[in-house]
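Working notes, beginning with the structure itself.
The values are calculated or read from the model by the stated rules, or taken from the named source; none is laboratory data. Because the structure is a prediction, the values reported are computed rather than measured. Every residue, glycine as well, gets a Cβ built from its backbone with ideal geometry; the counts of neighbours run over all protein chains shown.
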Amino acid sequence: MSGHRAIRLGVLGSGRGSNFEAICRAIEQRTLHAEIGAVLSNQPGARILELGRQCGARTECIVPITPRGRLDAETEEKYVGILRQENVDLVVLAGFMRIVGPVFLAAFPRRIINIHPSLLPKHRGSDAAAQALAAGDKVTGCTVHYVDAGVDTGEIIAQREVPVQPGDTAETLQARIQTAEHELLPAVIAAFARHE
């Protein structure tokens, strides 16, 4: 590994944290030169917070004022404050089910990435696997993209294709997409760490 300082990550998630686990595995296996600065969630019981504690990262749950959709400015300030305290280089949205707004975007320009379970620009928003099946797609996949003010509209960084198989349900397809996500997201972060 080169003598460069490890990239410092802030990871935001709302659920089980399987993409966060993939990042941690890549760090342990030394395919990703990174360290976890903070793990933040909008959901008090989110498993990602427990995983963050296990890896020794600062973990906090900040419940937004608004019940869904875009984060309010006050909540964004709290998230940004913690990420800055932890000297985070890159913010990774890994199953974070809220939309970040101008406060976040101004604090980390071109330093917020998201993983989405479709081949963007197709099937933005939630239930992307079900959207792919409803559209009759033969191929779907996952995308890592820069976060902008829209919903899954930011510049695409990398994609991985996943074939749709006969008899797929939204659940079986989503499971295979997640496997691809677990490979793609750490690889993209590793490229950031190498300044590529």
Report task. Filter the range 106-127 down to the residues that are touching a residue at least 40 places away in the same chain (Cβ under 8 Å) and among the aliphatic types (A, V, I, L, M), then identify the one that is surrounded by the most Cβ atoms within 10 Å (Cβ to Cβ). Result -> ILE115
Report task. Answer yes if at least one residue in the range 35-48 is in contact (Cβ under 8 Å) with a residue 24 or more places away in the chain, farther than 24 Å from ASP152 by Cβ and crowded, with 19+ Cβ neighbours inside 10 Å, and no otherwise. Result -> yes
Query raised in the report: Looking at (1) modelled with pLDDT under 95; (2) assigned to a helix (DSSP H, G or I), which is the one condition that is false for GLY95?
Result: (2)
**Report entry** Tally of residues being in a loop (DSSP other than H, G, I, E, B) and either polar (S, T, N, Q) or modelled with pLDDT under 95 (or both) across the range 1-20
**Finding:** 9
Query raised in the report: Residues in the range 162-170: is at least one more than 14 Å from the chain's Cα centre (by Cα), touching a residue at least 12 places away in the same chain (Cβ under 8 Å) and assigned to a strand (DSSP E or B)?
Result: yes
Query raised in the report: Any idea which residue in the range 135-158 is surrounded by the fewest Cβ atoms within 10 Å (Cβ to Cβ), counting only those that are in contact with a His (Cβ under 9 Å, 6 or more places away or on another chain), of a type in the set (A, V, I, L, M, F, W, C) and over 24 Å from ALA106 (Cβ atoms)?
Result: ALA135
Report task. Please specify each residue of the range 21-76 satisfying the condition of being in a loop (DSSP other than H, G, I, E, B) and in contact with a Cys (Cβ under 8 Å, 6 or more places away or on another chain). Result -> ASN42, GLN43, PRO44, ALA46, CYS55
Report summary line: Filter the range 14-26 for residues that are buried (at least 20 other Cβ atoms within 10 Å of the Cβ) and closer than 12 Å to PRO186 by Cα; the one that is farthest from the chain's Cα centre (by Cα) is ALA26
**Report entry** Residue list for the range 159-183, restricted to those being within 14 Å of ILE115 (Cβ to Cβ), surrounded by 15 or more Cβ atoms within 10 Å (Cβ to Cβ) and touching a helix residue (DSSP H, G or I) at 6+ places or on another chain (Cβ under 9 Å)
**Finding:** GLN159, ARG160, VAL162, GLN174, ILE177, GLN178, GLU181, HIS182
Query raised in the report: small (Gly, Ala, Ser), modelled with pLDDT of 95 or more, over 17 Å from ALA191 (Cα atoms) and crowded, with 17+ Cβ neighbours inside 10 Å, is that true of GLY52?
Result: yes
**Report entry** Which numbered condition LEU71 misses (of (1) surrounded by 15 or more Cβ atoms within 10 Å (Cβ to Cβ); (2) out of contact with any Ser or Thr (no Cβ under 7 Å at 6 or more places or on another chain); (3) more than 23 Å from GLY150 (Cα to Cα))
**Finding:** (3)
